[in-house]
1. With respect to residue 69, is the statement that it is within 26 Å of residue 154 (Cβ to Cβ), touching a Pro at 6+ places or on another chain (Cβ under 9 Å), assigned by TED's automatic domain parsing to the domain that holds residue 23 and in contact (Cβ under 8 Å) with a residue 12 or more places away in the chain true?
2. So, residue 153, is that one surrounded by 13 or more Cβ atoms within 10 Å (Cβ to Cβ) and touching a Phe, Trp or Tyr at 6+ places or on another chain (Cβ under 6 Å) or not?
3. Output the number of residues of the stretch 124-148 satisfying the condition of being loosely packed, with under 13 Cβ neighbours inside 10 Å and either of a type in the set (A, V, I, L, M, F, W, C) or in a helix (DSSP H, G or I) (or both).
4. Report yes if some residue within the stretch 41-54 is modelled with pLDDT under 95 and in contact with a helix residue (DSSP H, G or I) (Cβ under 9 Å, 6 or more places away or on another chain); otherwise report no.
5. Conditions: (1) without any contact (Cβ under 8 Å) to a residue 60 or more places away in the chain; (2) surrounded by 20 or more Cβ atoms within 10 Å (Cβ to Cβ); (3) not assigned by TED's automatic domain parsing to the domain that holds residue 15. Residue 101 meets all but one. Number of the miss?
6. Step by step: first the residues of the stretch 131-181, then only those that are of a type in the set (Gly, Ala, Ser) and without any contact (Cβ under 8 Å) to a residue 12 or more places away in the chain, then the one that is farthest from residue 86 (Cα to Cα). Which residue is that?
7. Suppose we filter the stretch 108-149 for residues that are polar (S, T, N, Q), within 19 Å of residue 174 (Cα to Cα) and in contact with a Gly (Cβ under 9 Å, 6 or more places away or on another chain); how many remain?
8. Looking only at the stretch 32-66, how many residues end up being among the acidic types (Asp, Glu) and either farther than 24 Å from residue 169 by Cβ or not assigned by TED's automatic domain parsing to the domain that holds residue 79 (or both)?
Amino acid sequence: MKKFRQKRENARKARKAVNLLFPGEKWIAVEDGIYLSPNRAIGDKTSYKDELRCAQILRNLGSTIYLAPENRRLAGKKYDAIVDGLKFEFKNVSGNASTLEKQFLRSRSQAPNVFINLENSMLSKKEIISTLYGARNKPETEKRHGYTHYNKFKDGKIVLNIREQHRLVYINVNDFEIKKA
């Protein structure tokens, strides 16, 4: 019963957010708990299949997901979805630690929250956490951008789907910040 109430509450929060952010949008039910904007490309040359996979993982755990419209007229990269009322960027990472770092840093300019699907990655949980911790504290140098260059948000969550883990890992992005004395 508690699980059903939480799922219903997630659906309510998601619907409230999309009504506020995208008034008048006509959503298409793709699957139970997953909705798609008709103003979103879904062809073979898009990341739709990967984003749908992320949505399916979250939906299977009780979330409600709205895959956001793409508005090319507005500047900057937009976030991928509204999940339980929150803006999320979806990343599918199957490569090495460098790829994970790059995708995490990019996500910080797209949405306050990121879901990283690592189900096809050979990185261990320890390597993943270490990489994200390093990326969160990456300094600016003359030759490369650090975290502050990419980050456009004060707070946020990192949600990880790690291969062979039975639960998602939730991290507050600010918990990874090295506090200066």
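1. yes
2. Judged against the criteria, residue 153 is not a match.
3. Counting residues in the stretch 124-148 that are loosely packed, with under 13 Cβ neighbours inside 10 Å and either of a type in the set (A, V, I, L, M, F, W, C) or in a helix (DSSP H, G or I) (or both) gives 2.
4. yes
5. (2) is the only condition that residue 101 fails.
6. Across the stretch 131-181, the extreme among qualifying residues is 181.
7. The number of residues fulfilling the criteria is 4.
8. Number of matching residues: 2.
The values are calculated or read from the model by the stated rules, or taken from the named source; none is laboratory data. Just so it is clear, the structure is predicted and the values come from calculations on it, not from any experiment. Using ideal geometry, Cβ is built from the backbone for each residue, glycine included, and neighbour counts are taken over all protein chains shown.
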